[in-house]
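Okay, structure first, notes after.
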Amino acid sequence: MPQITSKELMYLDDVLSLQEHMVKCLNDSATRLQDQQLKALCQNLASRCQNCFNSMVRNLE
(Lines give C-alpha, C1' and ligand atoms only; values in the text may rest on other atoms or scores of the structure.)
Protein backbone atom coordinates (compact mmCIF):
# COMPACT_ATOMS: atom_id res chain seq x y z
CA MET A 1 0.00 0.00 0.00
CA PRO A 2 1.40 3.44 -0.88
CA GLN A 3 2.25 5.87 1.88
CA ILE A 4 -0.68 7.97 3.08
CA THR A 5 -0.04 11.62 3.84
CA SER A 6 -1.15 13.19 7.10
CA LYS A 7 -3.72 15.24 5.20
CA GLU A 8 -5.15 12.07 3.65
CA LEU A 9 -5.27 10.41 7.07
CA MET A 10 -7.19 13.37 8.46
CA TYR A 11 -9.61 13.13 5.54
CA LEU A 12 -10.10 9.39 6.09
CA ASP A 13 -10.67 9.95 9.79
CA ASP A 14 -13.35 12.54 8.97
CA VAL A 15 -15.04 10.23 6.46
CA LEU A 16 -15.06 7.32 8.90
CA SER A 17 -16.46 9.51 11.67
CA LEU A 18 -19.21 10.77 9.37
CA GLN A 19 -20.08 7.23 8.31
CA GLU A 20 -20.36 6.15 11.96
CA HIS A 21 -22.53 9.16 12.72
CA MET A 22 -24.81 8.41 9.76
CA VAL A 23 -25.25 4.80 10.91
CA LYS A 24 -26.23 5.97 14.39
CA CYS A 25 -28.63 8.63 13.10
CA LEU A 26 -30.29 6.31 10.61
CA ASN A 27 -30.70 3.53 13.17
CA ASP A 28 -32.12 6.02 15.66
CA SER A 29 -34.54 7.32 13.05
CA ALA A 30 -35.60 3.79 12.16
CA THR A 31 -36.50 3.04 15.78
CA ARG A 32 -38.62 6.21 16.02
CA LEU A 33 -40.49 5.94 12.73
CA GLN A 34 -43.99 4.49 12.58
CA ASP A 35 -44.17 4.31 8.79
CA GLN A 36 -42.86 0.88 7.83
CA GLN A 37 -41.56 1.97 4.44
CA LEU A 38 -39.54 4.82 5.93
CA LYS A 39 -38.33 2.56 8.72
CA ALA A 40 -37.14 -0.02 6.18
CA LEU A 41 -35.46 2.70 4.11
CA CYS A 42 -33.54 4.00 7.12
CA GLN A 43 -32.52 0.49 8.11
CA ASN A 44 -31.34 -0.23 4.57
CA LEU A 45 -29.35 3.01 4.40
CA ALA A 46 -27.82 2.34 7.83
CA SER A 47 -26.75 -1.10 6.67
CA ARG A 48 -25.20 0.31 3.50
CA CYS A 49 -23.33 2.99 5.48
CA GLN A 50 -22.06 0.33 7.89
CA ASN A 51 -20.89 -1.83 5.00
CA CYS A 52 -19.07 1.15 3.48
CA PHE A 53 -17.44 1.91 6.83
CA ASN A 54 -16.36 -1.73 7.25
CA SER A 55 -14.98 -1.84 3.73
CA MET A 56 -12.91 1.31 4.26
CA VAL A 57 -11.50 0.00 7.53
CA ARG A 58 -10.60 -3.36 5.95
CA ASN A 59 -8.79 -1.58 3.11
CA LEU A 60 -6.79 0.49 5.57
CA GLU A 61 -5.55 -2.53 7.51
Between helix 36-60 and the chain: long-axis angle, C-alpha atoms, 0 to 90°, nearest 10: 10
task: With Kirkwood radius over Cα pairs in Å defined as stated, name the option among (i) 12.7; (ii) 12.4; (iii) 11.5 computed from the structure displayed.
output: (i)
Dipole moment magnitude, nearest 20 debye, the chain about Cα centre, only Lys, Arg, Asp, Glu C-beta charged: 200
query: For the chain, what relative contact order do you get, as a whole percent, if you take Cα pairs closer than 8 Å and at least 6 residues apart?
result: 35
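Carbon and sulfur together cover what percent of the accessible area of the stretch 18-61 at a 1.4 Å probe radius? Walk me through the numbers on the way to the answer.
Numbers: 1780 of 3380 Å².
Heavy-atom surface of the stretch 18-61 belonging to carbon and sulfur, 1.4 Å probe: 53 percent.
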query: Which of Pro2, Val15, Asn44 sits closest to the plus end of the dipole of the chain, meaning its Cα is farthest towards the positive end, when Lys and Arg get +1 and Asp and Glu get -1 on the C-beta?
result: Asn44
statement: Descending accessible area (1.4 Å probe), largest on the left, turns Ser6, Ser29 into Ser6, Ser29
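The values are calculated or read from the model by the stated rules, or taken from the named source; none is laboratory data. From a predicted model like this one, the values you see are computed outputs, not experimental measurements. Note that we place each Cβ from the backbone using ideal geometry, even for glycine, and neighbour counts take in every protein chain shown. Quick note on the areas: whole protein, heavy atoms, side chains included, nothing else; ligands and nucleic acids left out. Shrake-Rupley method; radii C 1.70, N 1.55, O 1.52, S 1.80 Å.
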